[in-house]
1. Examine the stretch 84-104 for a residue that is among the small types (Gly, Ala, Ser), outside any strand (DSSP E or B) and within 24 Å of Leu175 (Cα to Cα), and state whether such a residue exists.
2. Considering the stretch 142-193 alone, what residues qualify as being polar (S, T, N, Q) and closer than 26 Å to Arg10 by Cβ?
3. If I filter the stretch 162-193 down to residues being hydrophobic (A, V, I, L, M, F, W, C) and exposed (fewer than 12 other Cβ atoms within 10 Å of the Cβ), which single residue comes out as nearest to Arg109 (Cα to Cα)?
4. Is it the case that the stretch 30-40 has a residue that's part of a loop (DSSP other than H, G, I, E, B) and either surrounded by 14 or more Cβ atoms within 10 Å (Cβ to Cβ) or in contact with a Gly (Cβ under 9 Å, 6 or more places away or on another chain) (or both)?
5. Can you list residue pairs whose Cβ atoms sit under 9 Å apart, with the first residue in the stretch 58-85 being closer than 11 Å to Arg99 by Cβ and the second being assigned to a loop (DSSP other than H, G, I, E, B) and of a type in the set (Phe, Trp, Tyr)? Count only pairs 6 or more apart in sequence or on different chains.
6. Within the stretch 132-145, track down each residue that is in contact (Cβ under 8 Å) with a residue 40 or more places away in the chain and either in contact with a helix residue (DSSP H, G or I) (Cβ under 6 Å, 6 or more places away or on another chain) or under 15 Å from Arg115 (Cβ atoms) (or both).
7. Can you find a residue that is over 17 Å from Ala15 (Cβ atoms), polar (S, T, N, Q) and either touching a Lys or Arg at 6+ places or on another chain (Cβ under 6 Å) or at pLDDT below 95 (or both) anywhere in the stretch 51-73?
8. Just one of the numbered conditions (1) without any contact (Cβ under 8 Å) to a residue 60 or more places away in the chain; (2) in a strand (DSSP E or B); (3) out of contact with any Lys or Arg (no Cβ under 7 Å at 6 or more places or on another chain) is not true of Leu25; which one?
Amino acid sequence: MQAEIAHFVRRPLAALEARKESQLLAGLVVAVRSKITARGKMAFIQLDDGSTSLEVSVFSELLESERAKIREDEVLVVEGRIQRDDFAGEGRVKVVAERLLTLAEARGRFARQLRLSLNGQAAGNNSRHAVQRLRSLLAPYTPGECPVRLSYLNAEASCELVFGDASRVRLEDSLLQALREWLSSDNVRVDYA
């Protein structure tokens, strides 16, 4: 999972530095606590990416609209402002969230395409079954944002098919898992820009 996240999150939490522009960060939600302030309820999310643990502040307006995305033991991608935290000590930073994304939403936002390979699995009489199986696996995840490309190779021929816009998918974990169980992990790839 860390290798996949590295396609769109450029720095580990331990290497974050204060900047004026928003930055992307990601980690596993290990703890969440809330607090009532004069402006309403806010949350403090403890993220851990293996390099360090970091607290992310989520103010009331964002918390109201994105609360369902904040789940312990799930990966959360945060777009936010990284600021120096002089009270916490030298070199420490604090993060104020501006946008929250699930891993599936981040995949959808940053993925260029879902690439599938059928290497002889759909030959002869199996071709109709393979098409029906693929259709049934993709259908629950359409409409989505990510284009699907299928590479087919057997002893006699090879071809590339780019599915139409109506077949774009949402790149949820359950879809990728089902495709990998059917085609094997080597034949299912998410390409990033």
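The values are calculated or read from the model by the stated rules, or taken from the named source; none is laboratory data. Being a predicted model, the structure only gives us computed values, none of them experimental. Backbone-built Cβ (ideal geometry, glycine too); neighbour counts: all protein chains shown.
1. Residues of the stretch 84-104 among the small types (Gly, Ala, Ser): 88-89, 91, 97, 104.
Subsequent filtering for residues that are outside any strand (DSSP E or B) retains 88-89, 91, 104.
Then keep just the ones that are within 24 Å of Leu175 (Cα to Cα); that gives 104.
Yes; the residues of the stretch 84-104 include at least one that is among the small types (Gly, Ala, Ser), outside any strand (DSSP E or B) and within 24 Å of Leu175 (Cα to Cα).
2. Hit for the stretch 142-193 is Ser185, nothing else.
3. Step one: list which residues in the stretch 162-193 are hydrophobic (A, V, I, L, M, F, W, C), which gives 162-163, 166, 169, 171, 175-176, 178-179, 182-183, 188, 190, 193.
Remaining after also requiring exposed (fewer than 12 other Cβ atoms within 10 Å of the Cβ): 162, 166, 193.
Working: Val162: 19, Ala166: 17, Ala193: 11 Å.
Top of the filtered list is Ala193.
4. Filtering the stretch 30-40 for residues part of a loop (DSSP other than H, G, I, E, B) gives 38-39.
Next, only the ones that are either surrounded by 14 or more Cβ atoms within 10 Å (Cβ to Cβ) or in contact with a Gly (Cβ under 9 Å, 6 or more places away or on another chain) (or both) stay: none.
Within the stretch 30-40 (the criterion being part of a loop (DSSP other than H, G, I, E, B) and either surrounded by 14 or more Cβ atoms within 10 Å (Cβ to Cβ) or in contact with a Gly (Cβ under 9 Å, 6 or more places away or on another chain) (or both)), the answer is no, since none of the residues qualifies.
5. That search, which allows pairs on different chains as well, returns Val77/Phe8.
6. Selection gives Leu137 alone.
7. Of the residues in the stretch 51-73, the ones over 17 Å from Ala15 (Cβ atoms) are 57-73.
The next check asks that each one be polar (S, T, N, Q); those that pass are 57, 60, 65.
Next, from what is left, pick out any that are either touching a Lys or Arg at 6+ places or on another chain (Cβ under 6 Å) or at pLDDT below 95 (or both): 60.
Checking the stretch 51-73: at least one residue is over 17 Å from Ala15 (Cβ atoms), polar (S, T, N, Q) and either touching a Lys or Arg at 6+ places or on another chain (Cβ under 6 Å) or at pLDDT below 95 (or both).
8. (1)
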